[in-house]
Amino acid sequence: MSKAKVTYLSWIFVHIYCLCVTNHAQAGSFVIGVEDISYYPYFDFNSNQTTFSKAIFDQFAKENGHQISYLPLPIRQFPKWLYEENIDFKFPDNVRWQERNNGRQLRIHFSDEIVAMTAGTLVMPKNKDKDPSFFKTIGTITGFHPTLWVKQLEQGKVTIYEDSSAKILVKHLVNGLIDGLDIDLAVANVGLQNLHIQQDLVFNENLPKQNYSYQISTVKYPEIIKQFNQWLVKRRDYIDSQKIKYGILEHESRKATIVNQ
C-alpha cells in the first residue's frame, strides 16, 4: 500500500473518529442531581420558577441538542451523590468540597466556574464592625455547613440556627433574634424583598470571608464538561445578562479575603 494511500486512510479514520466524539458530545439525555432546597435566585428545582442555574443549563442543552432533567436530592447526602445516586452530573459542586468528601477516590471532572460567590457573615449595617465575640447565634440554611464558624462551634462559643427558608432567616436577623447569617447576599436580598423590608444587609468586616464558585461535576461524561466549558466562554455575554436579571452580585466575591479552613 502506498504511503499516500495510508495517509489518506488515516485521515479518514481520524475524521470519522472526531465525528463520532463530536456527535456523542452534542446529543444526549442526562440527569443533573441538584440540592433539594430553595436557594433562589441560584436554584429552586422543587418549584416551577426559573432560576439562574436552570436558565443556564436549559440554554446550554437547547443550543447543543441535549435533553436534561433535574433530580432534587437530600443535601445531607451531598457527598454520596456521585456514587450512590443514578445521576450523570452534580450541581452545585466545587473542587474544594470534593477534596474532603471524595472518600472513594473517584475521578471527578469539574466544569469551569459558572458563577463566583462569597461566603461571609451577613449582618445589619450597625453590626458591620462588631468583633467575633459579639456573635452568639448564626443562621444558615438547613443542611449547609458553616465552614467559617467551625472553630467557634467546636468551642461552644456559637450556636447555629437552621431553617429551610432564607426568608425566615432574614426575618430573624432583622428582628434581632440571631446575630448573623451564613447565606449568600443575593439570596438574602430576595428574602428582604419578599418581606417588603427596605433594609440593607452587609458583610461584617471583622470576620473572614471566602471566595468560591459553583461548578458542575461528573464521573461519567468528561466530554460534556469540556463542551460546557467551551459554551461558558462562547456565551459569556448571555451568562452575564442572567446574573443581572437575577440580581446576583458576583462583584462582591472579588473583594473577599480568602481564608483556608
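Residue-wise test of (1) among the small types (Gly, Ala, Ser); (2) buried (at least 20 other Cβ atoms within 10 Å of the Cβ); (3) within 18 Å of the chain's Cα centre (by Cα).
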| position | (1), (2), (3) |
| --- | --- |
| Ile178 | no, yes, no |
| Ala186 | yes, yes, yes |
| Glu205 | no, no, no |
| Tyr221 | no, no, no |
| Ile248 | no, yes, yes |
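Taking each residue of the range 115-142 that is at pLDDT 95 or above and among the charged types (D, E, K, R) and looking for partners that are surrounded by fewer than 22 Cβ atoms within 10 Å (Cβ to Cβ) and part of a helix (DSSP H, G or I) with beta-carbon atoms closer than 6 Å, six or more apart or interchain, yields nothing. Pairing residues of the range 38-59 that are without any contact (Cβ under 8 Å) to a residue 60 or more places away in the chain with residues that are part of a helix (DSSP H, G or I), at Cβ distances under 6 Å and at least 6 apart in sequence or on separate chains, gives Phe43/Ser53.
Every test in (1) assigned to a strand (DSSP E or B); (2) under 26 Å from Thr140 (Cβ atoms); (3) out of contact with any Asp or Glu (no Cβ under 6 Å at 6 or more places or on another chain) is passed by Pro72 save one, and that test is (3).
Right, Gln198: assigned to a loop (DSSP other than H, G, I, E, B), farther than 15 Å from Lys126 by Cβ, over 24 Å from the mean Cα position of the chain (by Cα) and not basic (Lys, Arg) or not? Show your work before the answer.
Numbers: assigned to a loop (DSSP other than H, G, I, E, B): yes; farther than 15 Å from Lys126 by Cβ: yes; over 24 Å from the mean Cα position of the chain (by Cα): yes; not basic (Lys, Arg): yes.
Against the criterion (assigned to a loop (DSSP other than H, G, I, E, B), farther than 15 Å from Lys126 by Cβ, over 24 Å from the mean Cα position of the chain (by Cα) and not basic (Lys, Arg)), Gln198 qualifies.
For the range 72-81, what are the residues that are within 18 Å of Phe43 (Cβ to Cβ) and either of a type outside the set (A, V, I, L, M, F, W, C) or in contact with a helix residue (DSSP H, G or I) (Cβ under 9 Å, 6 or more places away or on another chain) (or both)? Walk me through how you get there before you give the answer.
Step one: filter the range 72-81 for residues within 18 Å of Phe43 (Cβ to Cβ), giving 72-78, 81.
Within the range 72-81, Pro72, Leu73, Pro74, Arg76, Gln77, Phe78 meet the criteria.
In the set (1) small (Gly, Ala, Ser); (2) under 28 Å from Asn194 (Cα atoms); (3) touching a residue at least 24 places away in the same chain (Cβ under 8 Å), Ser69 fails one condition alone, (2). Looking at Phe91, Phe135, just one residue is in contact with an Asp or Glu (Cβ under 9 Å, 6 or more places away or on another chain), surrounded by 14 or more Cβ atoms within 10 Å (Cβ to Cβ) and assigned by TED's automatic domain parsing to the domain that holds Tyr246, and that residue is Phe91.
The set of residues in the range 134-154 that are farther than 19 Å from Ser164 by Cβ and touching a Lys or Arg at 6+ places or on another chain (Cβ under 7 Å) is empty. Only one of the listed residues (Ile225, Ile244) is β-branched (Val, Ile, Thr), crowded, with 18+ Cβ neighbours inside 10 Å, closer than 27 Å to Ala61 by Cα and outside the structural domain of Lys126 (by TED's automatic domain parsing). That residue is Ile225.
Can you name the residue in the range 155-173 that is hydrophobic (A, V, I, L, M, F, W, C) and surrounded by 18 or more Cβ atoms within 10 Å (Cβ to Cβ) and is also farthest from Asp44 (Cα to Cα) among such residues? The extreme case among them is Val158. Could you look through the range 37-69, keep only residues that are within 12 Å of the chain's Cα centre (by Cα) and among the aromatic types (Phe, Trp, Tyr), and pick out the one that is nearest to Phe89 (Cα to Cα)? The selected residue is Phe43.
Do we find that Gln152 is surrounded by fewer than 14 Cβ atoms within 10 Å (Cβ to Cβ) and of a type in the set (S, T, N, Q) in this structure?
Numbers: surrounded by fewer than 14 Cβ atoms within 10 Å (Cβ to Cβ): no; of a type in the set (S, T, N, Q): yes.
So Gln152 does not fit the description; no.
Put simply, of Leu153, Leu177, Leu106, Leu169 the only residue that is in the same structural domain as Lys243 (by TED's automatic domain parsing) and not charged (D, E, K, R) is Leu106.
The values are calculated or read from the model by the stated rules, or taken from the named source; none is laboratory data. As the structure is a prediction and not an experimental result, all values here were calculated from the model. Here Cβ is always computed from backbone atoms with ideal geometry, including for glycine, and neighbour counts include all displayed protein chains.
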